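Everything below concerns the one structure shown next.
The values are calculated or read from the model by the stated rules, or taken from the named source; none is laboratory data. Bear in mind that the values here come from a model prediction, so they are computed numbers and not experimental data. A quick note on method: Cβ atoms are made from the backbone with ideal geometry, for glycine too, and the neighbour counts reach across all protein chains shown. The protein model used for the area step is the full one, side chains on, heavy atoms only, and it has no ligands, DNA or RNA in it. Shrake-Rupley method; radii C 1.70, N 1.55, O 1.52, S 1.80 Å.
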Amino acid sequence: MERHSLHGWDLTPTQAVALQRELKERVVLRPPKGLKVERVAGADISMSRGEDWASGGFVVLDAETRAPVARASAVTRLGFPYVPGLLSFRELPVLMEAWARLEVRPDLIIFDGQGTAHPRRLGLACHGGLLFGVPSIGCAKSLLVGEHGPLGEERGAVADILHQGEVVGRAVRTRRGVLPVYVSPGHLMDLPTAVEWVLRMTSRYREPETTRHAHRLVNEVRREALAARASSRE
DNA sequence: GCGACAG
DNA sequence: ATCTTGTCGC
């Protein structure tokens, strides 16, 4: 392993699983003492059906006003297939490129996927938090593992997600009458703080504003890349 | 072996 | 994730 990178990315799924078991030991499930969050970033990727490239990006919002203050994106080839439980190996390489171009460092990153609510407790948000060295949260639209009981219909209602006897995350109703999102800590984070920030960054829609901004950014970038590719082939 | 399975 | 029209509900 090199000094400035967490690990290599040319891995087989079997090697990736072994690496996850090592990396989970480095995850810190506690926010840094006196954590001050002034800027929150959303991360996401977008890809075309049946093609092997994708766009990835970050949008940084002011935590107080939720106004975007910075953004960065990249387009690369996907070097890893979609395998449930190994999503980070597919998504993080593009995000690393975008991260290198991001000129404003966020104090917190919200990923579109699981944190500890993962079969080996190393979901996308944990892996990404370790890689970028920033507190992180996983906020997914559906469950990968675990189950939870019913939760109230009102905004702010929660239910613990249990997996193998452990509380690995929380189902959180971010808006009255809509399906919950699934929140779990990534790195340098705990569950209550993660839920607090997801609710803080959510208002009118089911998903946090960070995620929504990042989603729009990477979709735009992907369409631009598609158009550029089409015109260069003529 | 069967079913589940983030994006 | 992406591909897509209509349709249900506030």
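Looking at (1) among the β-branched types (Val, Ile, Thr); (2) outside any helix (DSSP H, G or I); (3) touching a Ser or Thr at 6+ places or on another chain (Cβ under 9 Å), find the lone condition where A:VAL37 falls short.
Tallying (1) among the β-branched types (Val, Ile, Thr); (2) outside any helix (DSSP H, G or I); (3) touching a Ser or Thr at 6+ places or on another chain (Cβ under 9 Å), A:VAL37 fails exactly one: (3).
Pull up the range A:75-89, narrow it to residues that are within 16 Å of the chain's Cα centre (by Cα) and free of Cβ contacts under 8 Å to residues at least 40 places away in the same chain, then point me to the one that is most open to solvent (accessible area, probe 1.4 Å).
My answer is A:TYR82.
Could you identify the single residue in A:VAL134, A:VAL183 that is touching a Cys at 6+ places or on another chain (Cβ under 6 Å), of a type in the set (A, V, I, L, M, F, W, C) and under 19 Å from A:ALA43 (Cα atoms)?
Just a single option satisfies the conditions, and that option is A:VAL183.
Test of understanding: among A:THR193, A:THR202, A:THR211, which residue is more than 20 Å from A:ALA70 (Cα to Cα) and not basic (Lys, Arg)?
Result of the check over A:THR193, A:THR202, A:THR211: A:THR193.
Collect the residues in the range A:34-50 that are surrounded by fewer than 14 Cβ atoms within 10 Å (Cβ to Cβ) and either within 11 Å of DNA strand B (Cβ to nearest atom) or on the phi > 0 side of the Ramachandran plot (or both), keeping them in residue-number order.
A:GLY34, A:ARG49, A:GLY50, listed by residue number.
Looking at the range A:5-29, which of its residues are surrounded by 13 or more Cβ atoms within 10 Å (Cβ to Cβ) and closer than 15 Å to A:GLY133 by Cβ?
A:LEU6, A:HIS7, A:LEU23, A:VAL27, A:VAL28
From the list A:SER136, A:SER142, which residue is buried (at least 24 other Cβ atoms within 10 Å of the Cβ) and small (Gly, Ala, Ser)?
Matching residue, one of A:SER136, A:SER142: A:SER136.
With the requirement that a residue be buried (at least 17 other Cβ atoms within 10 Å of the Cβ), hydrophobic (A, V, I, L, M, F, W, C), under 21 Å from A:ALA225 (Cα atoms) and more than 13 Å from the chain's Cα centre (by Cα), what does the range A:51-69 give you?
A:ALA54
Among the candidates A:VAL27, A:VAL17, which residue alone is farther than 26 Å from A:ARG101 by Cα and within 19 Å of the chain's Cα centre (by Cα)?
Within the list A:VAL27, A:VAL17, the selection yields A:VAL17.
Could you grab me the full set of residues in the range A:90-112 that are open to solvent by less than 10 Å² (accessible area, probe 1.4 Å) and within 14 Å of DNA strand C (Cβ to nearest atom)?
Hits for the range A:90-112 are A:VAL94, A:LEU95, A:ILE110, A:PHE111.
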